[in-house]
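Novice: Pasting in a structure now, in structure tokens, and then I'll have a few things to ask.
Read-outs: derived from the displayed coordinates by stated rules, not from any lab. Worth saying up front: this structure is predicted, and the values here are computed from it rather than measured. All Cβ positions, glycine included, derive from the backbone under ideal geometry; neighbour counts span all protein chains shown.
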Amino acid sequence: MTTSEDQAGISGADAVRGAGIVAGGVAAATLLDTGTASAESDQVHPNVRLIQDFYGAYGSGDLNKLRQFFATDIRWTIPGHHPLSGTKVGVDEVIAFFGELGKAGFRAEPISLAVDKEWVIDLHRGWSTNPEGLDITWALAFKIRGRRIVEAINFASDQHAADQFFWKAYKLDRIPNRLDLG
């Protein structure tokens with residue numbers, strides 16, 4: 001198996017940065033070995049299998065099933081300017097984030113997974129059911145170590161639409177209730 005650097009002169013880290021630039025991640029999927037079965041091998045790359053299994057657990061709606069996929073010090077970054085944006089650190093913060101996504105009936109359908117060393121680049125359709133209205137392509141860069149996700153960076157194909165949706169779905173509480181006055 002050749003690496004993406006051999007194929008296109010681009011390292012895995014460059015491809016991850018490129019996914020953010022193209023916002024849809026399509027270029028990353030074409031630059032990297034997809035890890036899917038081929039004539040050369042009947043096996044799926046273990047990091048691709050991990051992300052496939054993660055999506056299966058996510059689709060079940062059981063947040064506790066997700067814990068097994070995360071390193072204890074996981075960092076999950078959600079870009080944008082909305083109530084859910086920012087970097088979640090640690091399993092509990094990431095699980096809480098997924099709990100909030102669940103309240104909006106957020107769903108994800110993988111389109112393509114690509115692998116390069118410790119990175120898996122995921123291109124997926126993400127949409128909401130409560131309220132309806134957001135249905136865009138997302139790219140996620142997963143950093144894997146020791147069969148655990150240690151970092152995830154999410155890229156929206158339409159950040160403006162994502163920001164609008166999250167502001168609509170997640171209203172901030174009134175200021176006195178947001179402040180810790182105790």
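Novice: Testing the spin-label approximation: label points 7 Å from Cα along Cα→Cβ at Asp53 and Arg145. State their distance in nm.
Specialist: 2.0
Novice: How much length is gained on full extension from Lys171 to Asp135, taking 0.36 nm per residue of separation minus their Cα-Cα distance? Show your work: numbers first, answer last.
Specialist: Numbers: separation 36, 0.36 × 36 = 12.96 nm, distance 1.98 nm.
Extra length from Lys171 to Asp135 when fully extended: 11.0 nm.
Novice: Return the distance in nm (one decimal) between the two label points of a simple spin-label model at Arg67 and Glu100, each offset 7 Å from Cα along Cα→Cβ.
Specialist: 2.1
Novice: Arrange Thr72, Thr77 by Cβ neighbour counts within 10 Å, fewest through most, would you?
Specialist: Values: Thr72 10, Thr77 16.
By the 10 Å Cβ count, ascending: Thr72, Thr77.
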